[in-house]
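Notes follow once the structure below has been shown.
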Ligand SMILES: Nc1ncnc2c1ncn2[C@@H]1O[C@H](COP(=O)(O)OP(=O)(O)OP(=O)(O)O)[C@@H](O)[C@H]1O
């Protein structure tokens, strides 16, 4: 595989029972760029992200990762923002600190000031960090999830509908923090024009 790509997908087919979600779909994901998987609701965007992370099995086709890496190795290099963000029952501070308990992330553990600063860059007020995560609005929860993805400082970001609950001011904050001046490989899903217009590469998913 060309070294410019993180991964190449060839003839991907995904079926759930009688439903064919994707049929012989091929695409490449460039390294160090922001690629948006664009598609209507139900077109298979979230399913595709889970496949790339190795959480689901392909019905047919192949995913090849650069340098012969496995899906497991790719996962270790990835910060993932799922669409259904369930980060538990704790305070925002506890939610932010949670992934840094694991040995792979331990070295990146942020101090309070760094966490506060990232939340503030995403337009969240100082008091947010002591609130219960479940008491936040959907858009605030989404921004906390994005803050965690940023703080993990991984070379790959997978963001499932990262702006779905955000207004344009918050979207701009997210763009400035996560996307501007970055050399990470970012794969996101979206049907949001604001987000798509700012991508380096857009992959339209076929209509079912
Ligand atoms: N585990 C599963 N079992 C059965 N069907 C599934 C499963 N996961 C996804 N699907 C189906 O696959 C299709 C694509 O779902 P997916 O969540 O990937 O769409 P999406 O493009 O992300 O949609 P949205 O923009 O609404 O989030 C849907 O019809 C969904 O019902």
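What follows draws every value from the coordinates through simple rules; no lab data is involved. On a predicted model such as this, the values are computed, not experimentally measured, just so you know. Every residue, glycine as well, gets a Cβ built from its backbone with ideal geometry; the counts of neighbours run over all protein chains shown.
Numbers below:
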{"read-out": "Degrees between helix 112-121 axis and first principal axis of the chain (Cα, 0 to 90, nearest 10)", "value": "70"}
{"read-out": "Cα gyration tensor shape for the stretch 148-208, rounded if a/c is under 1.5, else prolate or oblate", "value": "oblate"}
{"read-out": "Rh (Kirkwood; distinct C-alpha pairs) - the stretch 31-152, Å", "value": "16.3"}
{"read-out": "Residue-averaged 222 nm ellipticity for the chain, from DSSP H runs of 4+ at -39500 (n - 2.57), nearest 500", "value": "-7500 deg cm²/dmol"}
{"read-out": "Using distinct alpha-carbon pairs, which all enter the 1/r mean, Kirkwood radius of the stretch 14-98 in Å", "value": "15.2"}
{"read-out": "Rg/Rg_ref, the chain, where Rg_ref = 2.2 N^0.38 Å and atoms are Cα", "value": "1.02"}
{"read-out": "Whole-number percent relative contact order across the stretch 5-204, with pairs defined as alpha carbons under 8 Å at least 6 apart", "value": "30"}
{"read-out": "Sorted by Cβ neighbour density within 10 Å, fewest at the top, the residues 65, 98", "value": "98, 65"}
{"read-out": "Residue order, fewest to most beta carbons within 10 Å, for 69, 154", "value": "69, 154"}
{"read-out": "Nearest 10 degrees, 0 to 90: helix 138-152 Cα axis against the chain principal axis", "value": "80"}
{"read-out": "Between the stretch 143-208 and the stretch 107-138, the Cα center-to-center distance that results, in Å", "value": "19"}
{"read-out": "Mean Cβ neighbour count within 10 Å, used as a protection proxy, ranking 114-125, 78-89 highest first", "value": "114-125, 78-89"}
